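Asker: Before I ask anything, let me first share the structure, which is written out below as structure tokens.
Any read-out appearing in this document is the output of simple, stated calculations on the displayed coordinates, not a laboratory observation. Keep in mind the model is a prediction, meaning the values are calculated, not measured. Glycine also receives a Cβ, built like all others from the backbone with ideal geometry; neighbour counts cover every protein chain displayed.
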Amino acid sequence: MKSMGKMLLKNQEFSEIVIGNTALVRAMIESKTRVITSYPGSPMPETAEAIKSIKKEKRPFYFEFSTNEKVATEIAFGAAINGHLSTVFFKSVGLNVAADSFVQLPLMKIKGGMIVVVGDDPGANSSQNEQDNRHYAHLSYMPVFEPSDPQEVYEYYKIAAEQSQKREMPILLRLSTHVCHAKQKVHFKAFKKVNFDNSPKFSVRSDNYIPITSKVFPMKKRALKRLEIFKDYANQTNLNQLVDNGNKNRGVITAGLPYLSLRDVLEDVENPPDILKLGIVYPIPEKPIKKFLQAHKEIKILEELDDILEKEIKVIAFDNNINIKIIGKQEVEDWVNEYTPYKVKKVMQKTWPKIIKLEPEVKKIMKVENRPAQLCPGCGHRSAFYVIKQVLSENDITVADIGCHTLGFLPPYEMGEVLLSMGHSTSTGTGLSLFNKERKVVSFLGDSTMFHAGLPGIVNAVYNDHNITLVIMENGTTAMTGHQNHPASGSNFNKKIKPVKIREILKGMGVTSIYEADTYAQSKLETIIKKAINEDGFSVVIASHPCMLKFTREARKNNTFKDNKVIIDQDICEQIHECVEEFGCPSFSIKENGEVDVNEDLCIGDGSCIQTCPVNAINIKRTEGGIK
Amino acid sequence: MQKKDRLNIYIIGVGGQGIGLLSEVLIRAADYAGLNLRGVDTHGLAQRGGTVQSHLRLGEGIHSPLIQKNKADLVISLERTEALRGINNYLKQEGTIIYYNTSWQTLDVRLRNTKEVQAKDIIKAAQKKEAELIEVYKDDLKEIRMQNIVVLGEIAKRKIVPQIRRRDYLKALDDLMEGEKLENNVSLFKTILD
């Protein structure tokens, strides 16, 4: 696959090895999705990478990264009630941000059809929790499709889009991390371009779109009726699959990735249970489940995260007088972590110890320390944390936010001691400052996160006159999720724009005490941090340095990369270890005799460490050019 | 294909070492060799200097893209400490471990809370799992970001995945790169192989 963009627009049928997120984009194109929106967040950003691989003028749809998930959802909704099939995609906790508008969607007549794709994250691979977003579907009466692999992602999206358009109701496509990122050869159908009807179809004559007071009830009733009618579809669709192993006693009901794990686990099992795999998990397909319950004596509900299917299936058994043993969650452990084959084996062994056998635990041969993610060599956040840590006293309180700078909580910095969610830091810090005269409060906030959810907390600190310092960790990009642009980057997804200036926004919101420094300029940063934290009232420090990972990647691409390295003059070095232990750049390694070495595989020659050496033993070795 | 012909390959390294490319070349080469396959990489947070892993499963009758613990026939590591982690968590008894003998010190090592993993530790660990151990290192390698291709070359040379032929690897490389980058990688791959 030389060009992903060309592949995604191919007219003929073809097969290609892709991840789920890429398969999703082809499905969007084949379904003639017209408007797609998102905010970056793992496990979903590769979907936007795939979109980016198609030249802008060739894209048969409009795509943007909006400033947050709620904004993205509203744009997709607006487009959909104007008649365009639309899709919004975001990560698990993104749905919390979108929720205020998301829960209203099923009340509306969605003319063009609308798919919400959410990437749940069982295993909390890159999220602050493991929330199960099926709850939101119950809350808002929205159907949920749940594919288990990339082929199904492609197929389910297309069916969901068709159903959504036909019924003029929104549908949730629930993916999970290892469905988004799984790779396999997916078979894609042919696709023909069409001419789109761009005329705006929105009309208040055909329907009411204002849900207030008494108008809410008919809208709610319609949402419930539509869901009731959708049950017929959920009951008969072949998205629900039966694996008939001829077992009259035992059966398992499952869905999504845990289904694949179960198939692997059952491979060596004699007389394996039958399996009912649900493709639609809400509204629950009652008919096939009832039949499955009646055909067996014992049923296991194998369900990742929460016990949603379990409760519903127990109700089905109760209402239909089916006297059967139903085994759901058995202990807290069953609610936690991803249902990998290894985990499913353990869960199933607990359920049916006589038929599912565990191999004896293999003892760890040698202890290996974890290798947590860390700030990259040259990262501007490191220079900021190094300085701020020196200025603050040990008792002061630092508040983290979400982004690369969250990693400051790790040693040696331990900057950022509490974390809730995107953009929380100013307001959590504000709460920590109340009645607090003796411990200074410093909150950190990334630039992309500031635009996403940070602004209300800032304007509140101005409005209610709070006494904290906010440090905006500006690196010019949404770094953690793969360098997506944000309003201050100078480009959006589609074109160059005049960058929105953070200082101007702060000024506009009424912040009077604003400081700015490049984080590599450590003595300047030190001076302004001291000033800011000792002021009464709300102060903001913009601590900026461009993301160096992005910078070096771009330099390599543009042939401007200089392969510089720092070197340590061993004659001068007194092994104080400030560079390794306090500044903590991963490019430094340490020998058993205490000598400090530079790992040239890692050093990018940025030189931000030079000023931290108390005896000036670090120098820079310049090289002209470099290797691409 | 029989179950015995299946192959579980677990690839591990540190974010920034090119695990993604190595796994993508292997998966495409396996496809050119006509093998059924499934795989998955870890993305997201782990990219920032943390442990990165990729699962690759070849052969008929596989379902999950994820390998069960202690069930990898082959562990490939681009770094020494990660090699030990791979052996610990995923290598099956009597499997094969191939690793590039370089060290990216962990935070704990740099803060001197723990000792750095040494090549002899890997030998010991491999012995305990009665595994075949292949240590790879190329001292005249100019570009560290091509260590993955050195390991790929060794895998091809030793026919560690017997079904994948030399031409399959080359086709896979050609799929994923172009221009100077492709030339450099192919030329290095061939140097190791021949």
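Asker: First check a/c for segment A:509-628, with a ≥ b ≥ c the square roots of the eigenvalues of its C-alpha gyration tensor; if it is under 1.5, answer rounded, and if not, answer prolate when a/b is larger than b/c or oblate otherwise. Can you show the working numbers first?
Answerer: On the way: a/c = 2.97, a/b = 1.42, b/c = 2.09.
Here segment A:509-628 falls in the oblate category.
Asker: Okay, moving on. Any idea how far the Cα center of segment B:116-135 sits from the one of segment A:266-286, in Å?
Answerer: 41 Å
Asker: Continuing with this model, one more query. Place a +1 charge on the Cβ of each Lys and Arg in segment A:128-191 and a -1 charge on the Cβ of each Asp and Glu, then give the dipole magnitude about the Cα centre in debye, rounded to the nearest 20.
Answerer: Here segment A:128-191 has a charge dipole of around 220 debye.
Asker: If the limit is 23 Å between Cα atoms, which of A:LYS185/B:LYS69; A:LYS220/A:LYS329; A:LYS291/A:LYS314 go over it?
Answerer: Too far apart for the 23 Å limit: A:LYS185/B:LYS69; A:LYS220/A:LYS329.
Asker: Compare the Cα positions of A:PHE588, A:ALA160, B:ILE192 along the charge dipole of the protein assembly as shown (+1 at Cβ of Lys, Arg; -1 at Cβ of Asp, Glu; about the Cα centre) and return the one farthest towards the positive end.
Answerer: The Cα lying farthest towards the positive end belongs to A:ALA160.
Asker: When the chain is fully extended, how far beyond the present Cα-Cα distance does A:LYS221 get from A:ASP319, taking 0.36 nm per residue of separation?
Answerer: 32.9 nm
Asker: Output the 0 to 90 degree angle, nearest 10, between the alpha-carbon long axis of helix A:150-167 and the longest principal axis computed from the alpha carbons of chain A.
Answerer: Tilt of helix A:150-167: around 70 degrees.
Asker: Between A:ASP207 and A:VAL462, what's the calculated FRET efficiency when r is the beta-carbon distance and R0 is 56 Å? Round to 0.05.
Answerer: On the way: r = 41 Å, r/R0 = 0.74.
Taking R0 as 56 Å, the efficiency between A:ASP207 and A:VAL462 is 0.85.
Asker: With only Lys, Arg, Asp and Glu charged, each at its Cβ (+1 for the first two, -1 for the last two), find how big the charge dipole of the protein assembly as shown is about the Cα centre; round to the nearest 20 debye. It would help to have the intermediate numbers written out before the result.
Answerer: Details: 112 positive and 102 negative charges, 609 e Å.
So the dipole magnitude of the protein assembly as shown works out to roughly 2920 debye.
Asker: Here is a follow-up. Return a single number: how many Lys pairs in segment A:1-104, at a sequence separation of 8 or more or on separate chains, have alpha-carbon atoms below 19 angstrom apart.
Answerer: Lysine pairs, 8 or more places apart or on different chains, close enough: 21.
Asker: Hey, got a sec? Which trypsin sites (Lys or Arg not before Pro) in segment A:491-531 land in a DSSP loop and have at most 15 other Cβ atoms within 10 Å?
Answerer: Counting only loop positions with at most 15 other Cβ atoms within 10 Å, the trypsin sites (Lys or Arg not before Pro) in segment A:491-531 are A:LYS495, A:LYS501.
Asker: Another question, if that's okay. If amide H atoms are built 1.01 Å from N in the plane of the peptide, which residues on other chains or at least 5 residues away come under 5 Å of the amide H of A:ILE542?
Answerer: Excluding prolines and chain starts, which carry no amide H, the hits are A:ILE472, A:TYR515, A:GLU516, A:ALA517.
Asker: Pulled fully out, how much extra length does the chain show between A:ASN198 and A:GLU359, if you take 0.36 nm times their separation in residues and subtract their Cα-Cα distance?
Answerer: The A:ASN198-A:GLU359 span can extend by a further 51.9 nm.
Asker: Using Cα pairs under 8 angstrom and six or more residues apart, how large is the relative contact order of segment A:214-333, in percent?
Answerer: Relative contact order comes out at 27 percent.
Asker: For the pair B:ASN113 and A:TRP335, what calculated FRET efficiency results from E = 1/(1 + (r/R0)^6), where r is the Cβ-Cβ distance and R0 = 30 Å, to the nearest 0.05? List each step's numbers first, then the result.
Answerer: Numbers: r = 33 Å, r/R0 = 1.10.
The value I calculate is 0.35.
Asker: Stretch A:ARG503-A:GLN236 to full length: gain in nm at 0.36 nm per residue minus the Cα-Cα span?
Answerer: Stretched out fully, the A:ARG503 to A:GLN236 stretch lengthens by 90.4 nm.
Asker: Follow-up question, since we're still on this one. For the protein assembly as shown, rounded, prolate or oblate, judged on the Cα gyration tensor with a ≥ b ≥ c (square roots of eigenvalues), a/c < 1.5 rounded, else prolate if a/b > b/c?
Answerer: It is oblate, given that a/c is not under 1.5 and a/b is not larger than b/c.
Asker: Got the relative contact order for chain B handy, in percent, Cα pairs under 8 Å and 6 or more residues apart?
Answerer: Once normalised by length, the contact order is 22 percent.
Asker: A further question on this structure: Under the classification rounded if a/c is under 1.5, otherwise prolate if a/b is larger than b/c and oblate if not, where does segment A:565-618 fall, given a ≥ b ≥ c as square roots of the Cα gyration tensor eigenvalues?
Answerer: rounded
Asker: A further question follows. How high is the relative contact order of chain A, given as a whole-number percent (alpha carbon pairs under 8 Å, six or more residues apart)?
Answerer: Across chain A, relative contact order equals 10 percent.
Asker: If the reach is capped at under 22 angstrom between alpha carbons, list the lysines near B:LYS142, excluding any in the same chain fewer than eight residues apart.
Answerer: A:LYS557, A:LYS562, A:LYS565, A:LYS621, A:LYS628, B:LYS157, B:LYS181, B:LYS190
Asker: For segment A:329-340, take each phi angle, set θ = phi - 60°, evaluate the Karplus expression 6.51 cos²θ - 1.76 cosθ + 1.60, and give the result in whole Hz per residue in order, putting x for glycine and proline.
Answerer: Each residue of segment A:329-340 in turn: 5, 10, 7, 3, 3, 5, 8, 10, 6, 6, 8, 6 Hz.
Asker: Taking amide H atoms as placed 1.01 Å from N in the peptide plane, list the residues 5 or more away in sequence, or in a different chain, whose amide H sits under 5 Å from that of A:VAL500.
Answerer: When sequence neighbours closer than 5 places are left aside, the close amide H contacts are A:ALA488, A:SER489, A:GLY490.
Asker: If you take the charge dipole of segment A:457-533 about its Cα centre, with +1 on Lys and Arg Cβ and -1 on Asp and Glu Cβ, which of A:ASN460, A:GLN484, A:ILE514 is farthest toward its positive end?
Answerer: In segment A:457-533, that residue is A:GLN484.
Asker: For segment A:286-292, what does the Karplus curve 6.51 cos²θ - 1.76 cosθ + 1.60, with θ = phi - 60°, yield as ³J(HN,Hα) per residue in whole Hz, taken in order and with x for Gly and Pro?
Answerer: 3J(HN,Hα) across segment A:286-292, in whole Hz: 5, 4, x, 5, 4, 4, 5.
Asker: Here's another thing I want to ask about it. Count neighbours as other Cβ atoms within 10 Å of each site's Cβ, and list the chymotrypsin sites (Phe, Trp or Tyr not before Pro) in segment B:69-170 that are DSSP loop with at most 13 such neighbours.
Answerer: Values: sites: B:TYR90, B:TYR99, B:TYR100, B:TRP104, B:TYR137, B:TYR169; in loops: B:TYR90, B:TRP104, B:TYR137.
Of the chymotrypsin sites (Phe, Trp or Tyr not before Pro), the ones in loops of segment B:69-170 whose Cβ has at most 13 other Cβ atoms within 10 Å are B:TYR137.
Asker: Something else about it: What distance in nm separates the simple spin-label points at A:ASN370 and A:GLN390, each placed 7 Å from Cα in the Cβ direction?
Answerer: In this crude label model, A:ASN370 to A:GLN390 measures out at 3.0 nm.
Asker: Could you check the simple spin-label distance between A:LYS530 and A:GLU595, using points 7 Å along Cα→Cβ, in nm with one decimal?
Answerer: About 3.8 nm, to one decimal.
Asker: From the phi of every residue in segment A:68-74, what ³J(HN,Hα) in whole Hz does the Karplus formula 6.51 cos²θ - 1.76 cosθ + 1.60 yield, where θ is phi - 60° and glycine or proline is x?
Answerer: 7, 5, 5, 4, 4, 5, 5
Asker: Return one number: the angle in degrees, 0 to 90 and rounded to the nearest 10, between the long axis of the Cα atoms of helix A:308-319 and the longest principal axis of the Cα atoms of chain A.
Answerer: Orientation of helix A:308-319: about 20 degrees from the principal axis.
Asker: In whole Å, largest first, what are the principal axis extents of the Cα atoms in segment A:263-388?
Answerer: Computed over segment A:263-388, the largest-to-smallest principal extents equal 68, 38, 23 Å.
Asker: While we're on this one: List every residue whose amide H lies under 5 Å from the amide H of A:GLN374, counting only residues 5 or more places away in sequence or on a different chain, with H placed 1.01 Å from N in the peptide plane.
Answerer: HN-HN under 5 Å from A:GLN374: B:ARG48, B:GLY49, B:GLY50.
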